[in-house]
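J.: Here it is: the structure, laid out below.
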Amino acid sequence: MLFIANWKMNPTSLKQAQKLNKNIKDKLKKINKEKKAKVIICPPTIFLSKLFQKNKLIQYGVQNICFEERGAYTGEISVLMAKDQGANYSIIGHSERKQIAGEDNYTISQKVNLCLANNIKPILCVGENLQEKNHAKTGLVIREQLQIALKNVKINDIEKIIIAYEPVWAISSQDNARPGTPDSILGASIIIRKELLNLYNHDVATNIPVIYGGSVSKDNVLDYSGNSNLNGFLIGSASLNAFDFSQIIEKYIQSAQKQT
Ligand code: PGA
């Protein structure tokens, strides 16, 4: 199971980031002895090299990369730099990037390909906004996002991708955010796997990790435990608290063990 922390633009000092990283690591030593959970932290890129240590407990990623590998792009971070500083993953196409930086599906496709070309695993975010949901366009939106983002991804590379279903209305930073219901997440995970079947084949549709993100907390994580289509979670605000984040992991692992 994947537990990916998206720290967004938090915390605001290296000292706090190091403390949070250490606290999470200490908790994982206790709760993840059997390595059932694969934990990936995506801190602000500026802290990455100071947090990165090769270890078995945590891997690291970035929250975004530039759509070009190199060049005059003031303020941007190249995939090469992310790789050089210890990232093995990059979140791509997060809805906050779409809202703040106007990223569209085509830019997202470019970034996915840049990641793959540089041995960084993309965590590709898809999901509808509230208006689209209210107009029953969830399936349409997800399919279009996948079709464009994966357009140039060959079958040999697709297995390196993680797909995160992140309905915009469920992300805790949104007004009136509420976590997706288990049924809506199940529905979306089926839509994603069906589209992967359409674009690739049965193995791809079955094997690609599909995770859910949007107000996941220690109090609701078990609501999703019956969904065998899900392979983990992308966790924002709850990942800023080592206790909450580790509780999410611990509860989920324990419940998965009971089910087997
Ligand atoms: P949240 O964020 O868990 O705070 O809702 C998830 C995300 O935006 O990736």
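J.: How much net charge surrounds E144 when only other residues with a Cβ under 15 Å from its Cβ are counted (Lys, Arg +1; Asp, Glu -1)?
T.: +1
J.: Testing the spin-label approximation: label points 7 Å from Cα along Cα→Cβ at K194 and L222. State their distance in nm.
T.: Label-label distance for K194 and L222, simple model: 3.2 nm.
J.: Output ³J(HN,Hα) for the stretch 75-88: one whole-Hz value per residue in order, computed from phi by the Karplus curve 6.51 cos²θ - 1.76 cosθ + 1.60 with θ = phi - 60°, and x for Gly and Pro.
T.: Rounded to whole hertz, the list is x, 8, 10, 7, 4, 5, 5, 4, 4, 4, 8, x, 7, 10.
J.: Helix check for the chain. Which DSSP H runs span at least 20 Å along their own axis by Cα, with a mean Kyte-Doolittle hydropathy no less than 0.5?
T.: Answer set is 182-199.
J.: Anything over 31 Å Cα to Cα? Flag those among K38/K194; K194/K251; K22/K194; K133/K258; K27/K98, in the order listed.
T.: The pairs that break the limit, which is 31 Å between Cα atoms, are K22/K194; K133/K258; K27/K98.
J.: Pull up all non-local amide H partners of I92: gap of 5 or more, or a different chain, and H-to-H distance under 5 Å with H placed in the peptide plane.
T.: I123, L124, C125
J.: Looking at the chain only, what percent of DSSP beta bridges run antiparallel? Nearest 5 please.
T.: 0 percent
J.: Okay, moving on. For A256 and D26, FRET efficiency with R0 = 30 Å and r from the beta-carbon atoms, rounded to 0.05?
T.: Working: r = 23 Å, r/R0 = 0.75.
Calculated transfer efficiency: 0.85.
J.: What spacing in nm lies between the two simple spin-label points modelled at E69 and K35, each 7 Å away from Cα in the Cβ direction?
T.: With each label point 7 Å from Cα toward Cβ, the separation is 3.2 nm.
J.: Among all the aspartates and glutamates, which ones have a C-alpha under 13 Å from K111's C-alpha, if same-chain residues fewer than 8 places away are not counted?
T.: Straight-line reach from K111, under 13 Å: E68, E69, E76, E103.
No lab work stands behind these numbers, since they all come straight from the coordinates. Computed from a predicted model, the values in this text were never measured in an experiment. Reconstructed Cβ throughout: ideal geometry from the backbone, glycine too, with neighbour counts over all protein chains shown.
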